[in-house]
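The block underneath contains the structure these notes are about, expressed in structure tokens.
The values are calculated or read from the model by the stated rules, or taken from the named source; none is laboratory data. This structure is a prediction, so every number in the text was calculated from the model and none was measured. For neighbour counting, all protein chains shown are included, and Cβ atoms are generated from backbone atoms with ideal geometry for every residue, glycine included. Only protein heavy atoms, including side chains, enter the accessible area calculation; ligands, DNA and RNA are left aside. Shrake-Rupley method; radii C 1.70, N 1.55, O 1.52, S 1.80 Å.
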Protein chains: 2
Amino acid sequence: MTGIDDVARAAGVSAATVSRALSGRGRISDATRVRVRAAAAELGYVVSAAASALATGHAANIGVVVPLLDRWFFANVLDGIASRLAPRGYDMTLYSMSEDPSQRDGVLDVSLRRGRVDGLIVLSLTLADDEVDRLLALDLPVVGLSATSARLPALRVDELAVARAATEHLLRLGHRRIAHIGAGHDGEPGLDIPSLRRHGFQSTMADAGIPNAPFTPADFTIEGGHRAALALLDGAEPPTAIFAASDEIAFGALFAARDRGLDVPADLSVVGVDGHEMGDFFGLTTIAQFPHEQGERAADAVLAALEGRDELGDLAFRLVERSSTSRPRGGVAEVAGTSAP
Amino acid sequence: MTGIDDVARAAGVSAATVSRALSGRGRISDATRVRVRAAAAELGYVVSAAASALATGHAANIGVVVPLLDRWFFANVLDGIASRLAPRGYDMTLYSMSEDPSQRDGVLDVSLRRGRVDGLIVLSLTLADDEVDRLLALDLPVVGLSATSARLPALRVDELAVARAATEHLLRLGHRRIAHIGAGHDGEPGLDIPSLRRHGFQSTMADAGIPNAPFTPADFTIEGGHRAALALLDGAEPPTAIFAASDEIAFGALFAARDRGLDVPADLSVVGVDGHEMGDFFGLTTIAQFPHEQGERAADAVLAALEGRDELGDLAFRLVERSSTSRPRGGVAEVAGTSAP
DNA sequence: CTGAAAGCGCTTACAG
DNA sequence: CTGAAAGCGCTTACAG
């Protein structure tokens, strides 16, 4: 590989001058800069990442901690991040955190401590309290995306509001037997997204006078949604509507309805969360989020944090009504406060 | 950050000894090794990636060049790669190559030349000849996954065989009016995947006595497949079967059939390529590939290449028959060589 | 504006 | 088996 000395020789200057000409830092005459850059381009010279990082303490690299690389939502977020990082000269290194405790420890205690990255984007993982501590101890600018812990600086979607919007949409249509498919433990909400959505659902139902609204846990996959919905539909009191914690779960529910010969939305209304690209084809009503844009904003936010600026804030969502939701068969829409005379 | 000297001090040895104790290279007494490792663990010390890379020339990092981060197939490949790299202590840095020429140049001429990675995995991109040259000039172990150029060492699927399997499946069922939705230019096949699939389709059709079998170009998305299929179905001579170059295109075709009130498979048979997780729900017949496993093999192969070993080879595929294909309405299966008396 | 030199944090022959 | 020292390839005060 050609090094800085080769360029220096070719341009007839010192390595120091090459460094200045290429980085743009420090004073340098226009003529020299032009000459050096030409020589560098000619030789195809690019500054060594390792040497530069060692000398400056700046790696020009952002780490992205992801839970699962194979979900549509995260793939889109990643694409959004990449689209903003590259033009600014940053690379992106992925750290995938699985469920396996020793693997997680490896990421938190080893990989992330190698100093390979200048900042971190953490995608909505369910992080334990001590994991958040270890993340924070890295002493790196961190931007969570809808992240789990209140202690993590983050761009957030108001997940309670998301769940409320979905649930109220169904209630407004006149549904009462509404079930939720998602995740999250019983009891206090917990700050992870699945828990917040579940909690938002159940508290909205409770506010509408329906305590203990049914909940069925599922993986956030089509497969998981399919299985859970089948269980609900085959149960003693099948719901007339399902609020699925993700669009992929919702697709699974739609397939389950098809498998049981149910008409959507007449027999079963389904609403999801995400704004999945396939939603349109399925006619799925959903609370759309905008993962690509979320990724872009997260990238901008870490980069801003590197310069000491704060670009955190709220993330948008929007109810998109399509054909998977309607009044229940024979049901009457009860609009709050609109009691008929 | 705590450095090697802190550990040396804590363990009462020199930095050199710490380095040896931690890396396992060089001779060192067991007692010292244990003491040093304890001190390092105690201090939470991890070797600096930049310093280590600079000193050894080894970055412990693999670059993955991807076309689009938001396709199901690539997300799965990535997940497979990550699952094999992490346990071996390698990080993974992503380089997304878009269609934009200046962006591609940036990746090839700048990002990849920073020396940040020890090896490269290139996911099935359509690379121009000079781009392959520049990739090769990096002088890095490269493993292509179903890559484009014959000059790139790669794990390959026999794409002509894939297309033939799909097409012959349809022909065997008795279809004659079969259309292909995909990509690839006219004329000589070209070595990119879409072209190979298209070519495999058309030559198989030609062999069956059907020259100039219809082809409609599309993006490799549901949206693209939907549009293209609609165009075919609304055409003068709608096909009785569609061979889609990807499952996502196939899903689009399935939705198009639904939109036109056509029964699948009675009115329209559809076969895809990929083995998409949703295929089962759609009942999609497909030529399954195994992206996660492909990613694992690619990771193993670069790592092997780093050690001078060659683990390249062929990638598997398999026809998975589901309910989206059958004989055409009123059609008769013509099995080659079984002319009825 | 430009260069010589020290330093970034490790690793690894070279001695002992 | 262990340490002192040079070196990896840059960057950046410090002089001039």
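Could you tell me which numbered condition A:Trp72 fails, if it satisfies all but one of (1) open to solvent by 20 Å² or more (accessible area, probe 1.4 Å); (2) touching a Ser or Thr at 6+ places or on another chain (Cβ under 7 Å); (3) of a type outside the set (S, T, N, Q); (4) away from DNA strand D (no atom under 16 Å from the Cβ)?
Only one criterion is unmet by A:Trp72, namely (2).
Do we find a residue being more than 18 Å from B:Leu170 (Cβ to Cβ), surrounded by fewer than 21 Cβ atoms within 10 Å (Cβ to Cβ) and not aromatic (Phe, Trp, Tyr) anywhere in region B:243-250?
no
If we keep just the residues of region B:38-61 that are assigned to a helix (DSSP H, G or I) and within 12 Å of DNA strand D (Cβ to nearest atom), which is farthest from A:Thr56 (Cα to Cα)?
Among those that are assigned to a helix (DSSP H, G or I) and within 12 Å of DNA strand D (Cβ to nearest atom), it is B:Thr56.
For residues in region B:185-213 being open to solvent by less than 30 Å² (accessible area, probe 1.4 Å) and of a type in the set (Ser, Thr, Tyr), which is modelled with the highest pLDDT?
Going through the qualifying residues, I end up with B:Thr204.
Can we say B:Ser29 is facing another protein chain (nearest Cβ under 9 Å) and either under 15 Å from the mean Cα position of the chain (by Cα) or within 16 Å of DNA strand D (Cβ to nearest atom) (or both)?
Spelling it out, it is not the case that B:Ser29 is facing another protein chain (nearest Cβ under 9 Å) and either under 15 Å from the mean Cα position of the chain (by Cα) or within 16 Å of DNA strand D (Cβ to nearest atom) (or both).
Restricted to region B:1-33, and to residues that are open to solvent by 40 Å² or more (accessible area, probe 1.4 Å), over 21 Å from A:Arg113 (Cβ atoms) and not in a loop (DSSP other than H, G, I, E, B), which residue is nearest to DNA strand C (Cβ to nearest atom)?
Checking each candidate, the answer is B:Ala16.
Cβ-Cβ distance below 6 Å, separation of 6 or more or different chains: which pairs start in region A:220-238 with a residue that is touching a residue at least 60 places away in the same chain (Cβ under 8 Å) and within 14 Å of chain B (Cβ to nearest Cβ) and end on one that is surrounded by 24 or more Cβ atoms within 10 Å (Cβ to Cβ) and assigned to a loop (DSSP other than H, G, I, E, B)?
A:Phe220/A:Ser246
Given the options A:Ser124, A:Ser96, A:Ser102, name the one that is touching a residue at least 24 places away in the same chain (Cβ under 8 Å) and more than 9 Å from chain B (Cβ to nearest Cβ).
Of the residues listed, the single one that is touching a residue at least 24 places away in the same chain (Cβ under 8 Å) and more than 9 Å from chain B (Cβ to nearest Cβ) is A:Ser124.
Quick test of your reading of the structure: A:Arg84 fulfils all but one of (1) within 15 Å of DNA strand D (Cβ to nearest atom); (2) in contact with a Gly (Cβ under 8 Å, 6 or more places away or on another chain); (3) more than 10 Å from chain B (Cβ to nearest Cβ). Name the failing condition by number.
(1)
Where residues in region A:143-168 are within 14 Å of the chain's Cα centre (by Cα) and among the aliphatic types (A, V, I, L, M), which of them is surrounded by the fewest Cβ atoms within 10 Å (Cβ to Cβ)?
Going through the qualifying residues, I end up with A:Leu155.
Report, by residue number, each residue of region B:259-277 that is without any contact (Cβ under 8 Å) to a residue 24 or more places away in the chain and surrounded by 23 or more Cβ atoms within 10 Å (Cβ to Cβ).
none
If you take just the helices (runs of 4 or more DSSP H) that sit entirely in region B:98-204, which of them hold at least 2 residues that are within 18 Å of B:Val270 (Cα to Cα)?
B:159-172
Is it true that B:Pro217 is under 23 Å from the mean Cα position of the chain (by Cα), more than 14 Å from chain A (Cβ to nearest Cβ) and open to solvent by 10 Å² or more (accessible area, probe 1.4 Å)?
Yes: the conditions hold for B:Pro217.
B:Gly225 passes all but one of (1) open to solvent by 20 Å² or more (accessible area, probe 1.4 Å); (2) under 28 Å from B:Arg258 (Cβ atoms); which number fails?
Condition not satisfied by B:Gly225: (1).
If I filter region B:56-69 down to residues being at the interface with chain A (Cβ under 9 Å from one of its Cβ atoms) and open to solvent by 30 Å² or more (accessible area, probe 1.4 Å), which single residue comes out as farthest from B:Ala304 (Cα to Cα)?
B:Leu68
Any idea which of B:Asp129, B:Asp79, B:Asp109 is under 30 Å from A:Gly80 (Cα atoms) and either open to solvent by less than 40 Å² (accessible area, probe 1.4 Å) or among the hydrophobic types (A, V, I, L, M, F, W, C) (or both)?
B:Asp79
Taking A:Asp79 and the conditions (1) more than 7 Å from every other protein chain (Cβ to nearest Cβ); (2) in a helix (DSSP H, G or I), which numbered condition does it fall short on, given that it satisfies the others?
(1) is the only condition that A:Asp79 fails.
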